[in-house]
Amino acid sequence: MKNDCWEIVLAEDKFNQLRNDKAFLAILTLARCVNALRFCQTPLIESERKSTPAVSRQRLNSVLLASSVLYEGLKVADSLGRDFKSLVSFREGFGKLLKKPETKKLRSGILWKMRNKFVFHFDQDVAAMALTHFELPSYKFAVGQGTARGHVYYALADEISLHYLLDPEGEKSNDQLEKIYIQFAQEIADLMVEFDNAAEELIAETLLQQGWSLGDD
């Protein structure tokens with residue numbers, strides 16, 4: 001194969017048989033979720049050991065966007081049992097993941113807030129509520145490096161949103177907020193890995209059953 005690239009392929013006649021197959025449509029939807037999550041992960045990987053305003057913006061917003069995509073992905077996972085409950089990969093993957101107390105807690109708490117209040121929807125009441133208890137020694141609306149717009153970070157907007165998420169009553173110190181953020185970011189990262197693993201196993205088993213195979217680039 002050229003450049004280590006590979007493809008998973010299916011003959012046209014067999015593919016045509018899948019066009020209206022509900023299980024295949026569900027797998028396509030799940031694969032779209034995985035693509036979106038991996039897109040969100042890329043800036044985190046690329047920003048390791050870098051420190052600029054733009055990198056700070058990318059790193060934080062990657063976490064926020066990934067969390068919202070993950071919330072939607074778990075909703076997709078809820079529906080997968082209908083078509084895949086007989087598969088070992090589903091029972092051992094999403095079947096267990098969706099029942100975990102940690103998953104349920106994140107879904108109903110932080111993930112819901114991010115998805116519905118300031119990532120997929122930009123509600124003005126987020127800023128209004130957060131500012132009620134928002135106090136800093138000084139306030140910076142934006143930071144940047146050079147004159148390129150791509151290197152400008154409107155830091156205050158994200159900082160206010162994080163206070164809304166992590167400390168709506170304004171009771172915690174900056175050190176406490178940092179620890180809380182690190183903890184929830186790790187919890188979300190762990191859940192993303194579990195989601196990705198469950199999706200990979202289910203997709204692989206389903207494609208094998210459907211007759212897909214490794215082809216030449």
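The values are calculated or read from the model by the stated rules, or taken from the named source; none is laboratory data. Predicted model only: the values in this text are computed from it and were never measured. Heads up, the Cβs are rebuilt from the backbone with ideal geometry, glycines too, and the neighbour counts pull from every protein chain shown. Remember, those area values only see protein heavy atoms, side chains included, never the ligands or the DNA or RNA. Shrake-Rupley method; radii C 1.70, N 1.55, O 1.52, S 1.80 Å.
Computed about the Cα centre, the dipole magnitude for segment 55-171 is approximately 680 debye when only Lys and Arg (+1) and Asp and Glu (-1) carry charge, each at its Cβ.
Eigen-decomposition of the gyration tensor built on the alpha-carbon atoms of segment 88-154 gives equivalent ellipsoid semi-axes of 37, 19, 11 angstrom, largest listed first. In terms of distances greater than 18 angstrom between alpha carbons, the cross-link table entries 96/179; 104/172; 75/105 yield 96/179; 104/172. Over every Cα atom in segment 94-217, the radius of gyration and the widest Cα-Cα span, Dmax, amount to 20.0, 62 Å. For the pair segment 144-217 / segment 3-41, the C-alpha centres are spaced 23 Å from each other.
Between residue 128 and residue 44, the C-beta separation translates, for a Förster distance of 30 Å, into a calculated FRET efficiency of about 0.50. Computed on the Cα atoms alone, the convex hull of segment 27-113 gives a volume of 105 cubic angstrom per residue. Couplings for segment 30-41, taken from phi via the Karplus curve 6.51 cos²θ - 1.76 cosθ + 1.60 with θ = phi - 60°, read 5, 4, 5, 4, 5, 4, 5, 5, 5, 4, 5, 6 Hz in order; Gly and Pro are left as x.
Under the combined filter of DSSP loop state and at most 14 neighbouring Cβ atoms within 10 Å, segment 1-87 retains these GluC sites (Glu not before Pro): 48. Which FRET efficiency, nearest 0.05, do residue 31 and residue 152 yield, Cβ-Cβ r, R0 30 Å? About 0.30, to the nearest 0.05.
Placing one equal scatterer on every Cα of the chain and applying the Debye formula, the log10 ratio I(q)/I(0) at q = 0.13, 0.17, 0.19 Å⁻¹ is -0.86, -1.20, -1.38. A protection proxy built from the mean count of other Cβ atoms within 10 Å ranks the segments 124-132, 22-30, 196-204, most packed first, as 196-204, 22-30, 124-132. Computed over all pairs of different Cα atoms, the Kirkwood value for the hydrodynamic radius of segment 1-68 is 15.0 Å. Here the sum of -39500 (n - 2.57) over DSSP H runs of 4 or more residues, divided by the residues of the chain, equals -20500 deg cm²/dmol at 222 nm, to the nearest 500. Once the Cα-Cα distance is subtracted from the 0.36 nm per residue extended length, the residue 56 to residue 6 segment shows a gain of 14.5 nm.
Highest mean packing comes first when the peptides 157-164, 50-57 are listed by Cβ atoms within 10 Å, giving 157-164, 50-57.
3J(HN,Hα) couplings calculated from phi for segment 148-156 with the Karplus curve 6.51 cos²θ - 1.76 cosθ + 1.60 (θ = phi - 60°) are, in sequence order, 5, 4, x, 9, 8, 10, 7, 5, 4 Hz; Gly and Pro show x.
Residue 121 contributes an accessible area of around 80 Å² to the protein surface, as traced by a 1.4 Å probe with all chains present.
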